[in-house]
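The values are calculated or read from the model by the stated rules, or taken from the named source; none is laboratory data. A quick note: this is a predicted structure, and the numbers were derived from the prediction, not measured. Every residue, glycine as well, gets a Cβ built from its backbone with ideal geometry; the counts of neighbours run over all protein chains shown. Ligands, DNA and RNA are stripped out before the accessible areas are found, and what is left, the full protein with its side chains, is counted by its heavy atoms. Shrake-Rupley method; radii C 1.70, N 1.55, O 1.52, S 1.80 Å.
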Amino acid sequence: MGRLQHWVKKLPQVRDGDRLPLLGKEYPLQLTRQVTRPIFQDGAFCVPEQLAGRMRENISIIYWEYARKYFPERTARLAEQKALTVARVGVSRAMGRWGSCNSQGRIHFSYRLLLCPEFVVEHVIWHELAHLTELNHSRAFKELLASYSPRGEEAEQWLKQPPTIWFAYLE
């Protein structure tokens, strides 16, 4: 679903206290001695102080681990609403696709999708779930997707906008 573009010339310098996007909200980055590994915890991106020199890598790890839990759980809940069967949900570091679904019912999502608002993420999940019934982009597929995703048009418009710099920041 949708192609991401390579367009960033300079990556941001991230510091303790900066706010990072996650599902349409922003959360603080905290360098702390309270954690031993990078983790999203208590509404914050927590990075061990001793790892501050590798901030990009550690922030990417947090998003990756969050995605590995979030996408299977959220996809299962939405699939259950429509009595759809998903063989497997995986996460990728794809820059070229938001998501994919194959004929065996395996769905994958780019972990960068977490940088989008939640209604956009949900639309992409519905898009891939609709492929379980229609493995194409036919009129029937579009009608099915519209019935699944009430904010679909708004989400599609959001996805056509240039992405934030954070899309390139993640490794």
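Report in % the part of the accessible area of the chain that belongs to carbon and sulfur, leaving out ligands and nucleic acids; probe 1.4 Å. Please list the in-between numbers first.
Values: 4450 of 9560 Å².
It is 47 percent, rounded to a whole number.
With a point put 7 Å past each Cα toward its Cβ, work out how far Arg19 is from Glu49 in nm, to one decimal.
The modelled label-to-label distance comes out at 2.6 nm.
For the pair Arg56 and Glu154, what calculated FRET efficiency results from E = 1/(1 + (r/R0)^6), where r is the Cβ-Cβ distance and R0 = 30 Å, to the nearest 0.05?
Efficiency, rounded to the nearest 0.05: 0.45.
Figure the gain on full extension for Gln81 and Arg139 (residue separation times 0.36 nm, minus the Cα-Cα span) and round it to one decimal in nm.
Separation in residues times 0.36 nm, less the Cα-Cα distance, equals 18.6 nm.
To the nearest µm²/s, what D does Stokes-Einstein give for the stretch 66-171 at 10 °C and 1.306 mPa s, using the Kirkwood radius over alpha carbon pairs as Rh?
114 µm²/s
Counting each DSSP H run of 4 or more residues in the chain as -39500 (n - 2.57), what helix-only mean residue ellipticity at 222 nm follows after dividing by all residues, to the nearest 500 deg cm²/dmol?
Only helices count here, giving -11500 deg cm²/dmol.
I'd like the per residue volume of the convex hull spanned by the Cα atoms of the stretch 1-148, given in cubic angstrom.
Expressed per residue, the convex hull around the Cα atoms of the stretch 1-148 is 115 Å³.
Expressed as a rounded percentage, what relative contact order does the chain have, with Cα pairs under 8 Å and six or more residues apart?
Reported as a whole number, the value is 23 percent.
By Kyte-Doolittle mean hydropathy of at least -0.5 and Cα axial length of at least 15 Å, which whole DSSP H helices of the chain are selected?
Span-like helices in the chain: 118-130.
Per residue, how much accessible surface does the chain expose to a 1.4 Å probe? Answer in Å², no decimals.
Per residue, the chain has 56 Å² of solvent-accessible surface.
Once you have the Cα-Cα distance between Met95 and Glu171, take 0.36 nm times their residue separation minus that, and quote the gain in nm to one decimal.
Difference between extended and current length: 26.4 nm.
Let me cross-check Phe40: its accessible surface, 1.4 Å probe, with only protein heavy atoms counted, in Å² to the nearest 10?
So the heavy atoms of Phe40 present about 50 Å² to solvent.
Under the definition of Cα pairs under 8 Å and six or more residues apart, what whole-number percent is the relative contact order of the stretch 98-171?
So the answer I get is 30 percent.
Tell me, what is the Rg over Rh of the stretch 117-165, with Rh the Kirkwood radius over Cα pairs?
We get a ratio of 1.00 for the stretch 117-165.
May I ask you to compute the full-extension gain from Thr164 to Gln104, defined as 0.36 nm times their residue separation minus their alpha-carbon distance, rounded to one decimal in nm?
Stretched fully, the Thr164-Gln104 segment lengthens by 18.3 nm.
Would you please give the residues with an amide H less than 5 Å from that of Ser92, counting only those at least 5 places away or on a separate chain, with H modeled from the backbone geometry?
Those lying under 5 Å, H to H, from Ser92 are Phe109, Ser110, Tyr111.
When only Cα pairs under 8 Å and 6 or more residues apart are kept, what is the percent relative contact order across the stretch 65-106?
41 percent
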